[in-house]
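Worksheet for the structure shown next.
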Amino acid sequence: MASYSIWVMEYAHVLEQATSLFVYGAHNQGYRKMPYGYVVLKGQGQTAMIDVGYNHQAYGEVLATSYGVRNWQPPQAVLAECGVSPAEVSSIFITHAHFDHMGNIEQFPNATFYIQERELSKWVWALSLERRFRWLMLGMDPADIMKAVDLARQGRLVCVDGARDNVLPGIDLHAAFDTHTWGSMYVHVRNDLRAQSSDSWVFAGDLAYSHENLRGTDPKDPQYIPVGLATGSQFNLIMAAEEMVKKAGGDPHRVIPVHEDRLQYLFPSRVTKAGLRITEIALADGEASRVR
Ligand SMILES: [Zn+2]
């Protein structure tokens, strides 16, 4: 009996993203589709999200255009496909501060946001560096940092330092420092509150972009391979992959990367009229499927 319904909601995509971004060292291995998405969790009288996407205007649009992002849809339209409105979302866990994850704070007026303290403070430091360090700012919209600070002013920001258990019943936050970013965070959902650990899901943020990061390319001989973009180290990414798989009960299929287009082969899903996919990871008791 699942405690939360869980959907991965695609809100935009890049049709041809170099495989070398997904998988460290995968040069000359062509291109693949990269969905941009966030996760909706509904149950226990709560609606929560993991990340919020970006807003296709101002510098968010500039970044998106430079990365070849297409078919952006606002959260109001995307969330309606699973019967949720942005206003009802009360808790949001930000895995990291890249624009495609934290760039739409303003669309969720009633939510409290959770982020690692180190993620915010190190981006402020990176912003203060001289121009020759600008590679460190890849994928970052400085306005998102300002908006996060404003959330703090409003009493709607929780800065987490490391792990925090049961931020909502059965939902734990975990830090993976100096990996994809300085203060990346992943989310562990223990989805059967009465039989702990039997129904665990881990939402990886960008600690994994694709299946290969968690199981390699040879099903008979699995291995961890880091993502192709990191301000931290490949070593830390690999150790984070091991931690996530362990928290998922040893099953890499239960560690979910939202940028992986092939989730559709593991879970029921459908494509909306707007051309975006909804993937149904779990259904709480009494909840109707949104993909059948
Ligand atoms: Zn991302």
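Key figures
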item: Charge dipole (segment 63-137, unit charges on Cβ, about Cα centre) - positive-most of Pro86, Gln107, Gly68; result: Gly68
item: For the chain, share of DSSP beta bridges that run antiparallel, in % to the nearest 5; result: 75
item: Set of lysines with alpha-carbon distance to Lys122 below 25 Å, sequence-local pairs under 8 removed; result: Lys147
item: For segment 166-234, accessible area per residue (1.4 Å probe, heavy atoms of protein chains only), Å²; result: 34
item: Test item: Cα-centred dipole of segment 96-142, Lys/Arg +1 and Asp/Glu -1 on Cβ, debye; result: 280
item: GNM result for the chain, Cα springs below 10 Å: residue of Ser66, Ser269, Ser233 fluctuating most strongly; result: Ser66
item: Normalised contact order of segment 48-175, rounded percent, pairs of Cα under 8 Å and 6 or more residues apart; result: 25
item: Charge context of Gln17, other residues only, Cβ under 9 angstrom, K/R +1, D/E -1; result: +1
item: Pair Tyr265, Ala87: separation of 7 Å Cα→Cβ label points (nm); result: 4.2
item: Hz values of 3J(HN,Hα) by residue in segment 249-257 - Karplus curve (6.51, -1.76, 1.60), Gly and Pro given as x; result: x, x, 9, x, 5, 9, 9, 9, x
item: Residues with amide H under 5 Å from that of Thr181, placed H, sequence gap 5 or more; result: Thr231, Gly232
item: Two-site FRET efficiency, Ala143 against His27, from Cβ-Cβ distance with R₀ of 45 Å, rounded to 0.05; result: 0.85
item: DSSP bridge pairs, segment 1-148: antiparallel proportion in percent, nearest 5; result: 70
item: Antiparallel DSSP beta bridges within segment 19-95, percent to nearest 5; result: 60
item: Formal net charge of residues neighbouring Tyr38 (Cβ-Cβ distance under 10 Å; K, R +1; D, E -1); result: -3
item: HN-Hα J in Hz across segment 260-272 - Karplus 6.51, -1.76, 1.60, θ = phi - 60°, x for Gly and Pro; result: 8, 5, 8, 4, 4, 8, 9, 9, x, 7, 8, 9, 6
item: In nm, spacing of pseudo-spin labels at Glu242 and Ser289 (7 Å Cα→C-beta vector); result: 3.9
item: Mean Kyte hydropathy of 0.0 or more with a Cα span along the axis of at least 18 Å, helices from DSSP in the chain; result: 234-247
item: Electrostatic dipole magnitude of the chain [Cβ: Lys, Arg +1; Asp, Glu -1; Cα centre; debye, to 20]; result: 280
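The values are calculated or read from the model by the stated rules, or taken from the named source; none is laboratory data. Not measured: the values here are computed from a predicted model. Positions of Cβ are generated from backbone atoms using ideal geometry, with glycine treated the same way; all protein chains shown enter the neighbour counts. Side chains included, ligands, DNA and RNA excluded: accessible areas come from the protein's heavy atoms. Shrake-Rupley method; radii C 1.70, N 1.55, O 1.52, S 1.80 Å.
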